[in-house]
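Coordinate-derived values only; no laboratory data. As the structure is a prediction and not an experimental result, all values here were calculated from the model. Because the Cβ atoms are built from the backbone with ideal geometry, glycine has one as well, and the counts that use them run over all protein chains shown.
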Amino acid sequence: MLQTKVAEKLQEIHPEVGINMQEWKGDEIALFREELQITVQGTVSEKWFYTHIKNEQEKLPRVDTLNLLSQYIGLNSWSAFCHENGTKNEKEGKTNQPKVEIIDSPKKKGLGLYVILSLIVIGMITLVMYFSFDTEKPTHYKICFVDEHTHLPVADSFLEIKMIKGDESPMFYPLESSCFSGMGDEVDFIVKGRFYKPLHVKRKISNDAYEETIFLEPDDYSMILHLFANSQVEDWKERRNQLSEMLHESLKAYEISKDGFTIDVLNKDEFINRMTIPTKVLKKVAIVYTEYDGDKMSLIKFTQE
């Protein structure tokens, strides 16, 4: 319930953000952390978000983090949120129970000692048998990602791994560096980044200390659109030519309102004008969605404050 309230609060400023926090990607997570810092002068790390939001946890986060999120939606604390929504406060719900001392008779003590010793002996025998017959060591792997064009380690701070394990729900992990490692005889995942095209990787690990370097293909057009909307450009004519090269002739660009309704539909020339006229309005353009026809963008959805 608190996740829904937080998502609704963020949608008031950024309507393009989805209501399900578990489906948020790198851009939406970055917006949330920034708004949290602005509103309550505190924030959470990407690692915390992937641990407690992307991957379901039975245990609640720390109470100071719950207080921070409750303050973001306009309440004083986590306790206030629980009181208002009728939610059980696990921390306060614990009560001290009186200790009852049970004194066993000597006969019961002897029987209990016999049971404990028997369990210890059985456990030791099991361990000996396990290490005697199971000599197979777990396999370790390390996979690194490099840019297909520059052959340099990927430096995209929004790079993430979607780990796939059979019928289980996928696990999401942010990459703090260009490499990740693990254990197992196979690995199946999808790697994607803000400025890189998604790649599905599936490997059988047959030997210990397995290492591999994988090349990621940059999504140059997404990077250029990001630069158009967030940087100063001196040679606008050159930028117009670059933009014209990457847009399809039948491009449809939809301007979306905060409520999700289509305000305007632009063709290729109109969209180029919108993205290259040097005004303050350009700074407030945010690309929400893109589609490709071959190697050119054929559909774009964007918002503008």
Most exposed first by the Cβ proxy, i.e. fewest other Cβ within 10 Å, how do Thr65, Thr139, Thr126 rank? Thr126, Thr65, Thr139
With x for Gly and Pro, the residue-by-residue ³J(HN,Hα) of region 28-33, computed from phi through the Karplus equation 6.51 cos²θ - 1.76 cosθ + 1.60 at θ = phi - 60° and given in whole Hz, is 5, 5, 4, 4, 4, 5
Sparse-neighbourhood loop sites, GluC sites (Glu not before Pro) in region 1-38 - DSSP loop, at most 10 other Cβ within 10 angstrom: Glu12
Taking θ as phi - 60°, what are the ³J(HN,Hα) couplings along region 208-221 by the Karplus curve (6.51, -1.76, 1.60), each to the nearest whole Hz, with x for Gly and Pro? 5, 6, 6, 10, 8, 10, 10, 8, 9, 8, x, 9, 4, 5
Would you grab the residues whose amide H sits under 5 Å from the one on Ile214? Only those 5+ places off in sequence or on another chain, please, with H modelled 1.01 Å from N. Cys144, Phe145, Val146
Can you give me the distance in nm between label points at His200 and Ile125, each placed 7 Å from the Cα along the Cα-to-Cβ direction? 4.9 nm
Under a crude label model (7 Å from the Cα following the beta-carbon direction), how far is Lys162 from Val40 in nanometres? 2.9 nm
Give the relative contact order (percent, whole number) for region 1-76; include only Cα pairs under 8 Å separated by 6+ residues. 32 percent
Rounded to whole Hz, the Karplus (6.51, -1.76, 1.60) HN-Hα couplings of region 253-259, x for glycine and proline: 10, 9, 8, 9, 7, 5, 8
Are there GluC sites (Glu not before Pro) in region 187-273 that DSSP marks as loop and that have at most 14 other Cβ atoms within 10 Å, and which are they? Glu234
